[in-house]
Structures are given as structure tokens and as C-alpha cells.
Amino acid sequence: MPMHKTSAWPLALVYAGLIAYASLFPFEGWRDQGVMPWFFLTAPLPKYWTAFDVVANLVGYMPLGFFLVLSALRTGRPRYALRLAILVASGLSLLMESLQVYLPNRVPSNLDLMLNVAGGALGAFSAWSLEKLGVLQRWSRFRADWFVADARGGLVLLALWPLALLFPTAIPLGLGQVVERLEARIVDLLAGTPFLEWLPVRETELQPLLPSVEWLGVLLGLLIPCLLGFCIIRRAGKRLWLLVWVGLFGVLATALSAALSVGPEHAWDWLGLPVKAALVSAMVLAITLLWVPSRASAALALLALGVNLSLINQTPVNPYFEQTLFLWEQGRFIRFHGLAQWLGWLWPFATLVYVLSLLWRQESKN
């Protein structure tokens, strides 16, 4: 079977890292509790569990099994694809549950382990079935027709963008707000040391953004993934379909984030007139850029990222936003808090690195 370049390998690696982060968050209070790391294997099944925990543990490992089988199939290694994917999912889950023994805030469970393994197996069999039905071959033809040859990085970033939006943001689609929290973290680390006096301090506190600046932030937040897609899609007609999907996933992911944070009845409270105007403006601007070459799209994405990160990091964390984060940190989403938070923080910076690498490679070819 011929070898293919595939996004499945990097997606599998990224997803395994995300599982590890979600499983061990908040990484505090490590200690030996006087029991063997695998004691939970022979313990009775938990008496108390919720439907949310069952679904989260089952669904959480399905993408890992899916991507592992898909990567093996697309790179010409189908013989052990199913067994290897299930073995990796089982080993990762066993390792994570065993490490949770040393975290007082986490509870290892044989039920969680069984659900994780079942989820990995379901994902693996799903990919295997799609291959047998010819769906993956059609995807390969679709990818070759739509995307440039080396589009793996861009596809991974586009796939992660809706997940990054699940963590609450100070303004809609405003990913990458790190400066204020980073400053507070540095102050905590340097507290009681002479180095604290060397830390630059802002002369004025961050001020709430003007409506016009907030409008620009929302506009750029939606325009950036569109420009990222333009870097790996050359034809204008296909780029137009990308805009439809980016707009749809951006709105739905933000609504889901609001529903998870403050309740389903408030899922659409963020979609006021200024935000609607910014979303429409972003779509109109993106349509005018449909025919821009890939290199110019990368340059525009670089510019948009720089401006947007500057705007977002001039936005203060208001009390209402802090309360929203508190609900995530203390509620049922604690295991996803750190994962979604890091995605929301790092996605723009990872995109910045990717776009710079595109421009570097294109410059090297000239």
C-alpha cells in the first residue's frame, strides 16, 4: 500500500497530549497515599457515577482510537492497526488512572478505565469500518482536490479552533488572552524575592475596550481561521465553502461555551448587535479576499494575528468573566478546564508559528 502524508499522526499525538493534560489537571498536591498505583483495578465498581462522567470517559478516547487507526491505514501499515490502536488507548488510560492515585483531587476508577478502553475501541473500529466502506479513499481524493500537498499543520489547527473556543473568552472569538494572567503568575513566583522589584509594572490599569475596538477584535477572531484556510486552499470556490463552515463552527462553538458556562438559556446572550455586525463584516471582508494568493493570505494572517493579539491582551479580566471561569474551575468541567484553557491561550500563537513557517518555506523556494 502506498505511503500518504496524513494529518492523522499529528492529530493523534496532539490528542494524546490533551488527554494526559485533562486527566492530570490541575497537577497540584502530588503525594504518595500509601496504596499501589493499580489498586483500583481490583476495587469494586464505583457506587456513584453520573451520565456526564460515563459519556465523557467513553467519548473522550474515541478520537484517539480513530486517529491511530486512520494514521496506520493512510501510511500503509494496516496489518496491526486495530490491535495497536486499542493497545495504545488502553495503555494510556491505565497510565493516567494510575498517576491519578498520586493526585488527591482526582479519583482513579476501574469504570473510567473500562469506558476509556471501550471508547478507544469504538473509535478504532469506526475508522476501520470507514476504510472498508471506501469513505477514507473518498476523503483522500477530496483532500487532494481541495488542499495543497503539505496541508497537515493547517488542517490540524483548523480542527482545533472550535475546541479552543469552548473555553470562555473575554470577548467572543478572542483567543490568546495571556498577558494579564502571565503577569499575575510571574508576580506570585517572584513574591518574597529581590527579583520582584525588577519586574516592569504598568503605570495604568487595563481599560475596558471601546465598542469599536471590540468589534475589530471579533472581526479578526473570525477572519484569522479563514485566512489560515486560504493558505492551504487555492481555489476561490472551495474557499467560499470554507467560510461557511468557519462561520458555522465559530458561532456554534461560542454558543456551546456560553451554554456550558452560564446555562443553556444564556447560550446566545453574547450574540448582540455589535457582535453580529463584526461577524458579517468578517465574512464580507473574507469574501473580498477569496482570490488572494496563498502567500499573500499567509502575510495577511500574520498581520491579523499580530493586531488581534495586541487588542485581546489589552482587555482586562472583568469580574463577570472571572465568575464564569470560576464555574469552570469548580464545576463538572474541572477535568476540561486546563485543556480548554491552554487551547484557547496557545491556538493563536501556534497559528502564528505555522504561518511564519509557510512564509519562510515559500521565501526559501524563491
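Assorted remarks:
- 3J(HN,Hα) along the stretch 347-362, derived from phi through the Karplus expression 6.51 cos²θ - 1.76 cosθ + 1.60 where θ = phi - 60°, amounts to 4, x, 6, 5, 5, 4, 5, 5, 5, 4, 5, 4, 5, 5, 5, 5 Hz, with x in place of Gly and Pro.
- Phi angles of the stretch 217-227 translate, via the Karplus equation with coefficients 6.51, -1.76, 1.60 and θ = phi - 60°, into HN-Hα couplings of x, 5, 4, 5, x, 8, 6, 4, x, 5, 5 Hz per residue; Gly and Pro are given as x.
- Charge tally around Ala258: other residues with Cβ under 12 Å, Lys/Arg +1 each, Asp/Glu -1 each, net -2.
- For Val101, residues with placed amide H under 5 Å, excluding near neighbours: none
- Annotation: the residues Leu95, Leu175, Leu18, sorted from fewest to most other C-beta atoms within 10 Å of their own C-beta, follow the order Leu95, Leu18, Leu175.
- Scalar couplings 3J(HN,Hα) for the stretch 152-163, obtained by applying the Karplus form with A = 6.51, B = -1.76, C = 1.60 to θ = phi - 60°, are 4, x, x, 5, 4, 5, 5, 5, 7, 4, x, 5 Hz; x denotes Gly and Pro.
- Formal net charge of residues neighbouring Gly247 (Cβ-Cβ distance under 14 Å; K, R +1; D, E -1): +2
- Peptide ranges 230-236, 241-247, 59-65 listed from the most packed, as the mean C-beta count within 10 angstrom indicates: 59-65, 230-236, 241-247
- Residue exposure sequence - Arg79, Arg152 - by fewest surrounding Cβ within 10 Å: Arg79, Arg152
Values in this text are rule-based calculations from the coordinates and carry no lab data. Note that the structure is a prediction, hence the values are computed from the model and not measured. Positions of Cβ are generated from backbone atoms using ideal geometry, with glycine treated the same way; all protein chains shown enter the neighbour counts.
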